[in-house]
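First up is the structure itself, then whatever we jot down about it.
The values are calculated or read from the model by the stated rules, or taken from the named source; none is laboratory data. Model, not experiment: these values are computed from the prediction. In this analysis, Cβ positions are derived from the backbone assuming ideal geometry, glycine residues included, and neighbour counts consider all displayed protein chains. All accessible areas refer to the heavy atoms of the entire protein, side chains included, with ligands and DNA or RNA removed. Shrake-Rupley method; radii C 1.70, N 1.55, O 1.52, S 1.80 Å.
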Amino acid sequence: AQASTTVWQPAYSDYSPQWAFGYGLGYSSIAYSSVAVSSSILEPNSSIEVSVTATNNGPYAQKETVMLFTSQPYHFGIAAENNRLRKFTKISLDVGQTKEIKFTLAADDLAFWNGDLKHGIQADAPVTLQINPYTLHNTTTTISLNT
């Protein structure tokens, strides 16, 4: 029988699970290097390349989902999301293998709908780029979004 109560924990709560998201989904140890960007400034109507290196340090081959999230501290007219999935891919890593994963992030990828139902970009604000947040492999860098 299904429980009559739904338990929901927002990302900003003090809830601390025993196991991080994605823990135990594989038998190897994947290590990520620092996130690198082709430019630390993202201009309107342009894009940057975001790359990260993943290495399988474990004893088994493994498939890994690499996710690129963004967050901004504020948006005019609405509350900013804590993390928003922008890009993802799945890779296969043999034992000891290292792969560079590249994502292309356009300024338009950061657009949102505001409270007046206008679609736009919150420019002149820092943007935090995160690879696999909420996991043991979280890797972060920050760029500027200019007008």
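Taking the Cα atoms of the range 32-131, the ratio Rg/Rh between the radius of gyration and the Kirkwood radius comes to 1.06. Distant-in-sequence amide contacts of residue 58, defined by a placed amide H-H separation under 5 Å and a gap of 5 or more residues or a different chain, comprise 29, 96. Neighbours of residue 61 by Cβ distance under 14 Å: Lys/Arg scored +1, Asp/Glu scored -1, total +1.
Full extension of the chain between residue 95 and residue 83 yields a length gain of 1.2 nm, computed as 0.36 nm times the residue separation minus the alpha carbon distance. Accessible area of residue 142 (1.4 Å probe, protein heavy atoms only, ligands and nucleic acids ignored): about 80 Å².
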